[in-house]
Amino acid sequence: MKEQIEKIKANALEEIAKASDAKSLYDVRVKYLGKKGELTAVLRGMGALSPEERPVIGSLVNEVRDELEAKIKEGEDSFANLEIEKKLKEENLDVTMPSKKTSLGSVHPITQVINDVKEIFIGMGYEIADGPEVELATYNFDKLNTPPDHPARDIQDTFYITDEIILRSQTSSVQARVMEGTKPPIKIICPGAVYRSDSVDATHSPVFHQIEGLVIDKNISMADLKGTLAMFAKKCLGEKTEIRFRPHHFPFTEPSAEADVSCFVCGGKGCRVCKGEGWIELLGCGMVHPNVLRNCGIDPDEYTGFAFGFGVERIAMAKFGIDDMRLLYENDVRFLKQF
Ligand code: DAH
């Protein structure tokens, strides 16, 4: 029996030495050490041995088994290492290779103007207010002294969701909300999107942006309005910019005006940007109508105020020399990258 065991050992060692990969080592293990393996079979046959032989053969089998086990393990480890080395070679990375360029975007011209305007007014002590774009008609119209038969309320001009709910057509709606919820003094601007039933062309879009301003306090006068807007025009469009008022009508202000700025491109001589006029129409404004104050719970005998509102696109276009509004919404990076 000893010879048989030595033979098994010699064969197994030879096969281990010849094994070319982990799979063939596994086969060797099964063939000799597995449940039905050759060495295991010897252990099974030990019942036929004499009581003296049994421990001798038993310990020989164990010795051989441990030795084979150790050799197989050694082989497996070296195959595993080879595998790792191979992977490392195949998957090596060159950390010195230049990376793919990720291009950084730029701030959209509309956002740039909104940010500039916010900064100017925050510097004058204003707060930024916000309101819903899907708005109750009462905040967009009724509270702002705009009666049901006013042309602005026509479905030709305003998007209706129901009779009572609309897409706000002006950021003036936020004025009414703020006045209702705040005890004066109030000093806010409100930038945001507004919606009108207009067809798209070079100067119109059904969605555009406005910035609304509102100041309510004791003894606020038209002089405060003019001074504020003159200061704003200089900061936003250049120190030489002048401002002028033309009488106008808005339902929510009395008196109302439109304000123009001297052309910041030609300085007032007349050019392409101001269409030869020397002036560029900037915004609508006025002293808040007493009815509006009353509608929003503020006593017009105690408080007065001014308001103004302007289109952001108009300023962005004039400032950056953009001649077609559609360019602002097409998201063409070749265009947007320029600003
Ligand atoms: N909401 C007006 C518009 O969309 C602009 C405007 C005019 C706002 C006069 C005002 C204002 O606050 O007093 O044309």
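List of remarks:
- Where no second cysteine Cβ lies under 4.7 Å, the cysteines concerned in the chain: 190, 236, 285, 296
- Chain lengthening between residue 86 and residue 193 when straightened (0.36 nm per residue, less Cα-Cα): 32.5 nm
- Summed residue charge, Cβ within 10 Å of residue 290's Cβ, Lys/Arg positive, Asp/Glu negative: -2
- What the phi angles of segment 31-44 give under the Karplus curve with 6.51, -1.76 and 1.60, with θ = phi - 60°, is a coupling list of 4, 9, 10, x, 3, 9, x, 5, 5, 5, 4, 4, 4, 5 Hz, glycine and proline written as x.
- Approximating the spin labels as points 7 Å out from Cα along Cα→Cβ, the residue 127-to-residue 154 distance works out to 3.9 nm.
- Low-density loop positions, trypsin sites (Lys or Arg not before Pro), segment 267-339 - DSSP coil, at most 16 other Cβ in 10 Å: 269, 272, 275, 337
- Distance between segment 34-112 and segment 311-339 - C-alpha centres, whole angstrom: 64
- Only helices enter the 222 nm calculation for the chain: every DSSP H run of n ≥ 4 contributes -39,500 (n - 2.57), and dividing by all residues gives -13000 deg cm²/dmol, rounded to 500.
- Proximal charge balance of residue 24 [Cβ under 12 Å; K/R count +1, D/E count -1]: 0
- For residue 306, the residues 5 or more places off, or on other chains, whose built amide H falls under 5 Å of its own are 215, 288.
- Remark: the Cα gyration tensor places segment 109-336 in the oblate category, a/c being 1.5 or greater and a/b not exceeding b/c.
- 3J(HN,Hα) along segment 256-268: 10, 8, 10, 10, 10, 10, 5, 4, 7, 8, 9, x, x Hz, from the Karplus curve 6.51 cos²θ - 1.76 cosθ + 1.60 with θ = phi - 60°, whole Hz, x for Gly and Pro.
- Simple spin-label estimate for residue 107 and residue 269 in nanometres, 7 Å along Cα-Cβ: 3.2
- The magnitude of the dipole of the chain, with charges of +1 and -1 set on the Cβ of Lys/Arg and Asp/Glu and taken from the Cα centre, is near 680 debye.
- Karplus-derived 3J(HN,Hα), 6.51/-1.76/1.60, for each residue of segment 59-64, Hz, glycine and proline x: 6, 5, 4, 4, 4, 4
Each value in this text was obtained by applying a stated rule to the coordinates, not by laboratory testing. Given the structure is predicted, the values throughout are model-derived calculations rather than measurements. Cβ atoms come from the backbone with ideal geometry, glycine included; neighbour counts cover every protein chain shown.
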